[in-house]
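Okay, structure first, notes after.
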Amino acid sequence: RSLKWQLQCRSDIGRLNAPFLAIYESLIPPEEEKAKQKQLLTLLEKLVCREWPEARLYLYGSCANSFGVSKSDIDVCLAIDDSDINKSEVLLKLADILESDNLQNVQALTRARVPIVKLMDPVTGISCDICINNLLAVVNTKLLQDYAQIDVRLRQLAFIVKHWAKKRGVNETYQGTLSSYAYVLMCIHFLQQRRPAILPCLQNSALTPHSPPSWGGLCLIQGMEKTYSVIVDDIECAYFDQVEKLRDFGSRNGETIAQLVWSFFSYWAYRHDYASSVISIRTGSIKSKQEKDWTRRIGNDRHLICIEDPFETSHDLGRVVDKFSIKVLREEFERAADIMQYDPNPWVALFEPY
Ligand code: ATP
Ligand code: MG
C-alpha cells in the first residue's frame, strides 16, 4: 500500500475530461422533469391543505439539493406545527386521502426508521415518499444545494460518484453501504480539503481553510457570518448562505473533473485514515474519532468509516457500515482508484455493473 500512496496522476488525465463531462451531462434531469415534479407538488398541496390547512409541504433530498439525476423519486416532507400529533395516525389519514384521489401504489410505512407514505402519480409517472416533520432533512437539503452553487465541480463529482455507487451496488444502506447523502458529504469534504480549496466551509463563521499556506493555511473570507439560522429539534442550524458571493471561491484551483475523480477515489482507497479519522464538513476539517468518542462500538454503531452529519453532530452517516460491508466498500474504492490510474477507458470500466 505504501507504494500506491505515492501514485502520481496519470499523464493522459486531460484526455479523460470530455468523457466524464459527457456522462455528467447525460445524468442531468431535463427541464420537463422539474415541471412535472412541480405539478405533483401542487396537487399534493391542494389535497393536504383540505385536511391540515396550516400544514406546509417541502421538497427535500435529491430533487431539491441539485444532486438528483434524471428519473429519481421525489422526497416530500409534510410539516405540521404541532408537537402533539401522532405520526402514524397522520400517515394513515394521508394515505386515505391520497388513495381516494386516484394516486396509485399508496402505502403507509408507519414502522420504518423514517415513517413515510409512498405513492405513484399516474399523471406524471413520478413516485414519491412523504414523511412528517423531518425538518432536519429539509435544512440539510438547503445546505447541500447552497454548496452546489459555489463551484460546478461539486455537482460534476457528486453525479459521477453517485452513478458509480449505484452501478457498483454500494448505495444501499440496508446492505450496510452508504446513502447518497453520505456520498455527497464525502465529495464536499474532499473539495474543502483540496489546496487551493475548491469549496469553503459555510458553517465556520470566519476562518476557512485556504491557501496560501504561508498564512498558516487560513485566510479570512469576508462576510462568512451566519446569514441563515433556524432551530430544528433543538439543534441550531446556522451558516453563511449568501453563496452567490462565493462564486469565485475555487477559481485559484484549476483541477478538472477527471483529476478530481481520480484523486477522490485514491483518497478513499489509499489516503484516508479509517482507524482514527472522522470527516466533518461542518468544521471543514478532519476530526479524530477520539474527540468524538466514536472509538468503540455502541449498539449497532461501529464507526468503521466516520462521516459527521453537519447539523446532527452526534450522527455518523457511516454507522450503517458493518465489518463485512466496510470490506466491500474499501475494495470498491481501490478498484475505482486502480481503474482511474491504469485503465485506458476508465469511464467505461468504472461504471460496469457489479
Ligand atoms: P437519491 O438520488 O439516491 O434518491 P437522495 O439525496 O434523495 O438521493 P435519500 O437517501 O433518498 O438520498 O435521502 C433523502 C434526503 O434525506 C437526503 O438528501 C437527506 O436530506 C436526508 N437523509 C438521508 N439519509 C439521512 C441520514 N442518515 N441522516 C440525515 N439525513 C438524511
Ligand atoms: Mg431520494
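Laboratory data are not the source of any read-out in this text; all were calculated from the coordinates shown. This is a predicted model, so every value here is computed, not measured. Positions of Cβ are backbone-derived with ideal geometry, glycine not excepted, and every protein chain shown enters the neighbour counts.
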Worksheet entry | Label-point separation in nm, Asp96 to Thr42, each point 7 Å along Cα→Cβ | 2.9
Discussion item. Through the Karplus equation 6.51 cos²θ - 1.76 cosθ + 1.60, θ set to phi - 60°, convert the phi angles of the range 23-36 into ³J(HN,Hα) values in whole Hz; use x for Gly and Pro.
Written reply: 5, 3, 4, 5, 8, 5, x, x, 3, 5, 5, 4, 5, 5
Worksheet item: Helix 325-342 sits at what angle to the longest principal axis of the chain, using alpha carbons and giving 0 to 90 degrees rounded to 10?
Response: 50
Practice prompt. Taking amide H positions as placed in the peptide plane 1.01 Å from N, state which residues far from Ser285 in sequence (5 or more) or on other chains have amide H under 5 Å from it.
Written response: Ser280
Worksheet item: So what is the relative contact order of the range 31-137, in percent, for Cα pairs below 8 Å that sit 6 or more residues apart?
Response: 27
Worksheet item: Going 7 Å from the Cα of Gln193 in the Cα-to-Cβ direction, what parts of the range 302-334 have a backbone nitrogen less than 14 Å from that spot?
Response: 305-308
Worksheet item: In terms of modelled amide H atoms, which long-range or inter-chain residues lie less than 5 Å from the amide H of Ile132?
Response: Leu78
Worksheet item: How high is the relative contact order of the chain, given as a whole-number percent (alpha carbon pairs under 8 Å, six or more residues apart)?
Response: 16
Discussion item. Tell me the net charge near Val243. Cut-off is 12 Å between Cβ atoms, Val243 excluded, with +1 for each Lys or Arg and -1 for each Asp or Glu.
Written reply: -2
Worksheet, complete the sentence: In the structure shown, of Lys38/Lys166; Lys36/Lys226; Lys166/Lys323; Lys38/Lys167, the pairs separated by more than 23 angstrom at the C-alpha atoms are Lys38/Lys166; Lys36/Lys226; Lys38/Lys167
Worksheet, complete the sentence: Nearest-0.05 FRET efficiency for Ile80 and Glu331 at R0 = 41 Å, using Cβ-Cβ distance, is 0.40
Worksheet item: Between Asp73 and Leu21, 0.36 nm times their residue separation minus their Cα-Cα distance comes to what?
Response: 16.3 nm
Worksheet item: What's the extension gain from Glu291 to Lys167 if we count 0.36 nm per residue and subtract their Cα-Cα distance?
Response: 41.1 nm
Worksheet entry | Calculated from backbone phi, Karplus (6.51, -1.76, 1.60) coupling profile of the range 286-295 in Hz, x at Gly/Pro | 9, 9, 9, 4, 3, 5, 8, 6, 10, 9
Worksheet entry | Shape metrics for the chain, restricted to C-alpha atoms - Rg then Dmax, Å | 21.0, 66
Worksheet item: Among all the aspartates and glutamates, which ones have a C-alpha under 15 Å from Lys87's C-alpha, if same-chain residues fewer than 8 places away are not counted?
Response: Glu51, Asp96, Asp129
Response to the item:
Rounded to 0.05, the calculated FRET efficiency for the beta carbons of Arg50 and Arg247 at R₀ = 45 Å is 0.60
Worksheet item: Rounded to the nearest 500 deg cm²/dmol, what is the calculated helix-only ellipticity per residue at 222 nm for the chain, with -39500 (n - 2.57) per DSSP H run of length n ≥ 4?
Response: -11500 deg cm²/dmol
Response to the item:
At R0 = 56 Å the Cβ-Cβ FRET efficiency linking Val114 and Ala349, nearest 0.05, sits at 0.95
Worksheet, complete the sentence: Relative contact order of the range 91-177 (C-alpha contacts under 8 Å, at least 6 apart) in percent is 14
